Every structure is written in structure tokens, then in C-alpha cells.
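To keep things clear, I will list the structure first and then write my remarks on it.
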Amino acid sequence: MTEPVPEAPHSIGAFVRGYEEEQRLRGFRCPACGHVTATWGLACARCGHAGLAEFALGTTGRVVARTVIAVSADEFLNDTPYAYVVVELDGGGRATGWVPSIRAETDLPIGTRVRFRPSYKPGVQFEKEPA
Ligand SMILES: [Zn+2]
């Protein structure tokens, strides 16, 4: 016999609207182990606890991985080339997103400080923090 699937305490739609409409980054914090994630889910990726609580993620962080996209989907044609990034957010969690106007990986070294930049464009857009 299988266990019933628990009701989702939060919806993926509201999660995505968080950055598209409300101009903030939603995430989750595990009350059991404290793990913070920017990835929508029903259970903690670290300990498996099924009671994740919504958490307001930081809007600044540093680039921990990136690649330059030179051939893009139609939505990004006017922004190509750009960098697809993984950002370690201040306060916890890692978010994937993109940074416009990056022509080469040397334009965005690992460790570069970035901040969330609300945009009408798809995805989570970041920009370099002013030096
Ligand atoms: Zn946990």
C-alpha cells in the first residue's frame, strides 16, 4: 500500500510569480536542518523533511558558476551574448539566472558580486553590483 501524496503547502505558480510579478526571490528553509534553497520543492534536499517553510531569499550574492550563451532562444535574441549563472545568495540558497551584456567568461569572473534585477524578461535576471 502506498502513502497518499501530501498536499503542497505552496504552489510552483506563486513561486515563479515571486520574481516575475512581486520582484522578489522566494525560497524555502527547512525547519529541521536549516538548509536554504532557491529551488521549489516539497521536501528538503538535504534531510528529506517534508515541511519546508517559505523564506525570503537575499537579492545579492556572488557568481559561483557561469557560461556564456552566444546562441539563444528567441526571448533572449536582443540580449545575446549573455551569461547563464549560478549565484550563491547572501543568506543562503543558490539561484540560477542570467546576466545580460556578458561577451566572455572573463567579463564575469567567479566570485563577482551581483544583485537581483527585476525584469519583464523570463528567468531570474542579475546584474553586476557597482564597484
Ligand atoms: Zn532539512
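Please grab the % of Cα pairs in segment 23-110 that end up more than 19 Å from each other.
48
If r is the Cβ-Cβ distance from V64 to Y120 and R0 is 35 Å, what FRET efficiency results, to the nearest 0.05?
Working: r = 26 Å, r/R0 = 0.75.
Efficiency, from the Cβ-Cβ distance: 0.85.
Using only alpha carbon positions, build the gyration tensor of segment 60-128, then give the equivalent ellipsoid semi-axes as the square roots of 5 times its eigenvalues, largest first, whole angstrom. Walk me through the numbers before you get to the answer.
Working: eigenvalues 71, 37, 15 Å².
Rounded to whole Å, the semi-axes are 19, 14, 9.
Ordered by residue, what ³J(HN,Hα) values in Hz, to whole numbers, does segment 72-78 give under the Karplus form 6.51 cos²θ - 1.76 cosθ + 1.60, where θ = phi - 60° and Gly and Pro are x?
Residue by residue, segment 72-78 yields 10, 6, 3, 4, 10, 4, 6 Hz.
Only the coordinates and a few stated rules stand behind these numbers; no lab work does. This one's a predicted model, so the numbers in the text were calculated from it and none came from an experiment. Cβ sites come from the backbone with ideal geometry, for glycine too, and all protein chains shown count toward neighbours.
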